[in-house]
1. Dimensions of the chain along principal axes (Cα, Å, largest first)?
2. List the residues, sorted by chain then number, that are 5 or more residues from T43 or on another chain and whose placed amide H is less than 5 Å from its amide H.
3. How much net charge surrounds L23 when only the other residues with a Cβ under 10 Å from the Cβ of L23 are counted, with Lys and Arg +1 and Asp and Glu -1?
4. Using Cα-Cα distances under 8 Å and only pairs 6 or more residues apart, what relative contact order does the stretch 83-124 have, in percent?
5. Pop out the ³J(HN,Hα) list for the stretch 31-47 in order, Karplus 6.51 cos²θ - 1.76 cosθ + 1.60 with θ = phi - 60°, rounded to Hz; leave Gly and Pro as x.
6. Any chance you could run the full-extension gain for W110 through R55? It's 0.36 nm times the residue separation minus the Cα-Cα distance, nm to one decimal.
7. Enumerate the calculated ³J(HN,Hα) couplings along the stretch 72-79 in order (Karplus 6.51 cos²θ - 1.76 cosθ + 1.60, θ = phi - 60°), each rounded to whole Hz, writing x wherever the residue is Gly or Pro.
8. Using r as the Cβ-Cβ distance of R70 and K14, and R0 as 35 Å, what FRET efficiency do you calculate, to the nearest 0.05?
Amino acid sequence: MADDMHLVRDLLDKQLVDRDGRLMGKVDGIVIQPRRGKAPRVTAIETGAVVLGARLHPAIGRRVERLLARLTKRAAEPVRVPLEKILHRGLEIQVDVDARRTSALALERWLAEKIVGRIPGGRP
């Protein structure tokens, strides 16, 4: 991406879409790598309830992480997408990632299986 980017305006809170058009959450965080003697470098964007919770307050992030781990029986991992995987940015951020191969949809899958699937007429 050769053109200038304003991190907050152009990335943060934008809808993430995978390479096949699947919604995979919003950009909840920006990963910046400090470099000795040089300007910091943006390396990735992140999405996930834990990232969003931590952005609001670190204690909220920890609580969300524990809750998701208890509900899904697995660690609540944020999805980190390297900047090089951004295909297009506009109203949505399209990334060269398959959302099904990440944990981005883990909570939705859990809700479909454990909640929606148990409602009469609901489909998992």
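Read the figures in this text as sums done on the coordinates, not as results from a lab. Everything numeric in this text was worked out from a predicted model, so none of it was measured. So basically every Cβ, Gly included, is an ideal-geometry build from the backbone, and we count neighbours across all protein chains shown.
1. Extents along the principal axes, in whole Å: 57, 33, 22.
2. So T43 has HN proximity to V31, I32, Q33.
3. -1
4. 21
5. Each residue's phi maps through the Karplus curve to give 9, 10, 9, x, 9, 4, x, 9, 5, x, 10, 6, 10, 7, 10, 10, 9 Hz.
6. My answer for the length gained is 17.4 nm.
7. Along the stretch 72-79, the couplings run 9, 6, 8, 5, 8, 8, x, 9 Hz.
8. Once rounded, the FRET efficiency stands at 0.70.
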